[in-house]
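Participant: Input: one structure, supplied below.
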Amino acid sequence: MPRQRDRVGWADPGLLILASLADGAKHGYAIIKDVEEQTSIRLGPGTLYAAISRLEGSGLVAAVDGDERRRPYRLTVEGQAVLDDRLRAMARFARAGLTRLGVAGA
């Protein structure tokens, strides 16, 4: 189980889902596994599908054809732009924080 400090700042399910979909369409279980592998954060099904619904309603993700059991989702062009903006902002924030901590190479 991740330590509490490992979860601060990145547990936004929407952002985690967008990042998971950045390398291609995935169905719900694949998103859950990818997010967990990348961040050690496990999204529950309720959290996942509520966030997907919000992302879909905002035009950031779209469902694609799948089989009867699995419904894959993909990033839209707008979703890619939003993810790019958020990740760049996070990178600037991280660099500033690391510099303030005196971390070399920040």
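The values are calculated or read from the model by the stated rules, or taken from the named source; none is laboratory data. Values in this document were obtained by computation on a predicted structure and should not be read as measured data. Cβ coordinates were reconstructed from backbone atoms using ideal geometry, including for glycine residues, and neighbour counts include every protein chain displayed. Only protein heavy atoms, including side chains, enter the accessible area calculation; ligands, DNA and RNA are left aside. Shrake-Rupley method; radii C 1.70, N 1.55, O 1.52, S 1.80 Å.
Participant: Give the residues of region 30-49 whose amide nitrogen is closer than 17 Å to a point set 7 Å from the Cα of A22 in the direction of its Cβ.
Facilitator: So the set is 31-41.
Participant: Continuing with the same structure: Using a 10 angstrom Cβ neighbour count of at most 15 plus a DSSP loop assignment to flag exposed trypsin sites (Lys or Arg not before Pro), which longest range of the chain is free of such sites?
Facilitator: For trypsin sites (Lys or Arg not before Pro) (loop position, at most 15 other Cβ atoms within 10 Å), the longest site-free span of the chain is 4-41.
Participant: Describe numerically, in nm with one decimal, the distance between label points set 7 Å from Cα along Cα→Cβ at R42 and at V64.
Facilitator: 2.8 nm
Participant: Only Cα pairs within less than 10 Å get springs; with that Gaussian network setup on the chain, which residue of A63, A91, A81 has the largest fluctuation?
Facilitator: In this elastic network of the chain, the residue with the biggest mean-square fluctuation among A63, A91, A81 is A91.
Participant: Of the candidates A11, A50, A96, which one comes out as most mobile in a Gaussian network treatment of the chain with C-alpha springs shorter than 10 Å?
Facilitator: A96
Participant: While we're on this one: Just the number please: accessible area per residue for the chain, 1.4 Å probe, all protein chains included, in Å². Mind dumping the intermediate values first?
Facilitator: Working: 7120 Å² over 106 residues.
Using a 1.4 Å probe on heavy atoms only, each residue of the chain averages 67 Å².
Participant: Quick one: dipole size for the chain, taken about the Cα centre, charges +1 on Lys/Arg Cβ and -1 on Asp/Glu Cβ, in debye to the nearest 20. Don't skip to the answer; put the middle values down first.
Facilitator: Working: 16 positive and 13 negative charges, 103 e Å.
The calculation lands at about 500 debye.
Participant: Right, another one. I'd like to know how region 52-103 sits against the 2.2 N^0.38 Å rule of thumb: what's its Cα Rg over that expected value? Let's see the in-between values first.
Facilitator: Numbers: Rg = 16.4 Å, N = 52, 2.2 N^0.38 = 9.9 Å.
Output field value: 1.66.
Participant: Considering only protein heavy atoms and a probe of 1.4 Å, how much of the accessible area of the chain is carbon and sulfur, as a whole percent? Present the calculation step by step, with values, prior to reporting the outcome.
Facilitator: Details: 3720 of 7120 Å².
About 52 percent, which is the carbon plus sulfur part of the accessible surface.
Participant: For region 1-103, take the convex hull of the Cα atoms, compute a quarter of its surface area, and give me that in nm², please. Numbers along the way, then the final one.
Facilitator: Working: hull surface 29.2 nm².
Directional mean of the projected Cα hull area for region 1-103 stands at 7.3 nm².
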